[in-house]
1. Against the condition within 18 Å of GLY103 (Cβ to Cβ) and among the hydrophobic types (A, V, I, L, M, F, W, C), how does ILE86 come out, does it pass?
2. Any chance you could count how many residues in the range 58-92 are exposed (fewer than 13 other Cβ atoms within 10 Å of the Cβ) and part of a loop (DSSP other than H, G, I, E, B)?
3. Which of (1) among the hydrophobic types (A, V, I, L, M, F, W, C); (2) at pLDDT below 95; (3) within 16 Å of PHE90 (Cβ to Cβ) is the odd one out, the single condition PHE72 does not satisfy?
4. Being surrounded by 12 or more Cβ atoms within 10 Å (Cβ to Cβ) and not aromatic (Phe, Trp, Tyr) is the filter here; which residues of the range 8-18 pass it?
5. Quick one: in the range 19-57, of everything that is part of a loop (DSSP other than H, G, I, E, B) and touching a residue at least 12 places away in the same chain (Cβ under 8 Å), which residue is most open to solvent (accessible area, probe 1.4 Å)?
Amino acid sequence: SSKTFWTTTGMFPQELIIGFPKCVKITKVAIQCYLVRTLRIERSTSKDPVGFEQCIEKDLQHREGQLQMEEFPLPEFQATYLRFIIKSAFDHFVSVHRVMAEGT
């Protein structure tokens with residue numbers, strides 16, 4: 001829902017894990033967030049959310065008063081879980097409004 005979001009509790013790093021019902025192939029990940037400075041995306045193909053490996057880490061641009069909309073085109077990979085680690089921010093609290101993964 002565009003009316004809901006996830007917010008941090010004030011200290012960093014913070015993480016958000018998204019699980020899929022089964023292992024899927026992913027070609028692109030996109031995120032809409034606010035005040036995130038450094039974001040790392042990791043994946044796991046395990047049955048449980050363990051054994052993560054890094055896919056990408058990026059410093060995002062600050063957009064005062066606007067959502068940050070970032071797309072991460074990635075080489076096709078498989079994942080059962082995606083972990084989004086907010087390593088640092090432009091303020092004490094940040095929010096994540098939407099996460100999208102494309103693939104099969």
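1. Criteria not met by ILE86.
2. Residues that pass the stated criteria total 7.
3. (3)
4. THR8, PRO13, GLN14, GLU15, LEU16, ILE17, ILE18 - these are the residues of the range 8-18 that are surrounded by 12 or more Cβ atoms within 10 Å (Cβ to Cβ) and not aromatic (Phe, Trp, Tyr).
5. Selected residue: LYS47.
The values are calculated or read from the model by the stated rules, or taken from the named source; none is laboratory data. Predicted model only: the values in this text are computed from it and were never measured. Positions of Cβ are generated from backbone atoms using ideal geometry, with glycine treated the same way; all protein chains shown enter the neighbour counts. For accessibility, only protein heavy atoms count, side chains too; no ligands or nucleic acids. Shrake-Rupley method; radii C 1.70, N 1.55, O 1.52, S 1.80 Å.
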